[in-house]
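Okay, so here's the structure we're looking at.
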Amino acid sequence: MLIYRMLYDFHTHTFYSDGVLSPTELVRRAAVKNYVAIGITDHAGIGSMERIIKEVSADCELARSHWNILAMPGIELTHVPPDTIDELAKKAKNLGAWLVVVHGETPTEPVEEGTNLAAVKSSYVDILAHPGHITTEAARLAARNGVFLEITTRRGHCTANPHVAEIAVKTGAMLLLNTDSHTEDDLLSEQLAKQTLTQAGISPRKFKSILELNPLKLLQRVRRIV
């Protein structure tokens, strides 16, 4: 029995940061795997942001014009000082990013404390990625401000999924399932989606919201600004 018939993934990486494929190759491989939409969100800071957004935007535009997949240029603000996140996210949107992801406070990396809170306060941030140390306060702000919290399939980061899911349920924060893909083998499948959500302690009755309804909410927001 199918969990859902459409695959959405808003957090992936190419060789513009630490992935291995070009943007067009990643999009093509996602299309073959029945993706409906994919966000290309390479790691960046203030120095590389403009170049990455420009080049990925061109690749995504080409892919959209030839293949039946919504390829979206974005950026993942990674290990930037928390008090710069709002300004950098605004700049990314002005440069043409459809999606702004912030690299959250994960147990596996030394992300500066305060990053999660700064991200969910920003009106320019769409997704807080793998926010393993998310607090109730930050999750409540995410719910209020419409910032999506990520449940991730990524090794290491995924160990905190149960905590993220529990906090989101308590606060009403919206969840998305993303892969944080770096290679073709990381891309999403129905089986991987079910396995990841189940291991996070998420009830099957909530699958539809995370896998279909919340992605559509994010896409509606994207379409309003592009």
- [ ] Grab the eigenvalues of the alpha-carbon gyration tensor for the range 140-226, scale each by 5, take roots, and send me the semi-axes largest first in whole angstrom.
- [x] 20, 17, 12
- [ ] Quick one: of 91/121; 54/91; 121/206; 91/217; 170/206, which pairs are farther than 20 Å apart, Cα to Cα?
- [x] 121/206; 91/217
Open item on the list: What aspartates and glutamates does residue 33 reach when the alpha-carbon gap must be under 15 Å and sequence neighbours fewer than 8 apart in one chain are set aside?
Closed with: 9, 25, 184, 185, 186, 190
Task: Distance-filtered residues of the range 36-64 - backbone nitrogen under 14 Å, label point 7 angstrom along residue 223 Cα→Cβ - done: 37
TODO: Taking the dipole about the Cα centre of the range 7-225, with the C-beta of Lys and Arg at +1 and of Asp and Glu at -1, give me whichever of 70, 125, 92 is farthest to the positive side.
DONE: 70
Open item on the list: Sort 49, 72 by Cβ crowding within 10 Å, fewest neighbours at the top.
Closed with: 49, 72
- [ ] Could you let me know the centre-to-centre spacing of the range 16-56 and the range 77-113, using Cα atoms, in angstrom?
- [x] 16
- [ ] Just flag the GluC sites (Glu not before Pro) in the range 59-118 sitting in loop per DSSP whose Cβ has no more than 13 other Cβ atoms within 10 Å.
- [x] 112, 113
- [ ] Work out the charge dipole of the chain with +1 on the Cβ of Lys and Arg and -1 on the Cβ of Asp and Glu about the Cα centre, then indicate which of 41, 11, 226 is farthest towards its positive end.
- [x] 226
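Throughout, read-outs are computed from the coordinates displayed, never taken from laboratory work. Remember, predicted model here, so these are calculated numbers, not experimental data. Cβ atoms come from the backbone with ideal geometry, glycine included; neighbour counts cover every protein chain shown.
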